[in-house]
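Here the structure comes first, spelled out in structure tokens, and everything after it is commentary.
Values in this text are rule-based calculations from the coordinates and carry no lab data. No experiment lies behind these values; they were computed from the predicted model shown. Here the Cβ is made from the backbone with ideal geometry for all residues, glycine too, and neighbour counts use every protein chain on show.
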Amino acid sequence: MKFRFTNKTLLSAAAAGVLACNLAAPHVTVLPLLWAICFVEGICKIQGTFECMSNIQLWMTPKRDFTVFFPMLHIVILGSMQVSDLLATHLMYHYHWTYMHWFVAGVMMVDLLVITVCTRHFRIVKKFPLFGIDWLGGGTNHGNQLADEYSGCSPGPEQFEVPLDNRFMFGKAFQI
């Protein structure tokens with residue numbers, strides 16, 4: 001994707017995806033749809049993280065030494081998860097749980113503003129076409145992951161409960 005789109009496009013798409021998912025998540029009452037939204041949000045977060053980290057990779061190690069880059073990447077990802085958990089716990093203690101989604105949506109709006117104002121479309125190499133990508137295989141793989149999550153889940157709150165037989169049948173039918 002990095003050779004097809006500019007950094008500004010990839011960062012903007014990732015931030016907009018996280019923003020949209022966080023605005024939609026508090027209003028969803030169907031558990032499989034919530035899983036799909038969270039799955040898409042995770043993809044956007046990973047895309048944004050790798051785009052940011054690949055831009056500063058040469059600052060961390062001028063020789064592209066992956067033994068330095070990947071530990072730093074894991075520290076950033078795991079550290080972000082810890083800070084996110086602490087912030088969510090703090091916000092949920094004092095406010096309603098939806099405030100975490102509103103907070104992340106606000107951060108993404110600021111992020112989009114910074115990306116729009118401070119970056120420009122710049123391409124080092126010419127644009128590569130998206131030929132030769134196994135779109136069907138990728139879609140099937142993601143569909144299977146979602147189906148496995150749906151068929152093997154434990155019941156959630158009352159509004160999300162579905163009999164185990166229905167979850168299993170839906171998940172396996174979705175895989176086929």
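For the reader, a short list of remarks on this structure follows.
- Here the label points at Ala16 and Ser54, each 7 Å from Cα along the C-beta direction, are separated by 1.9 nm in the simple model.
- Taking other C-beta atoms within 10 angstrom as a stand-in for reagent exposure, Phe39, Phe122, Phe70 fall in the order Phe122, Phe70, Phe39, fewest first.
- Count of lysine pairs in region 1-138 with Cα separation under 24 Å (8 or more residues apart, or interchain): 9
- Other residues lying with their Cβ under 11 Å from the Cβ of Leu19 contribute a combined charge of -2, Lys and Arg counting +1, Asp and Glu -1.
- Label-to-label distance, nm, for residues given as Leu23 and Ile46 (7 Å Cα→Cβ offset): 2.5
- Computed FRET value (nearest 0.05) for Ala88 with His121, which takes r as the C-beta separation and R₀ as 25 Å: 0.15
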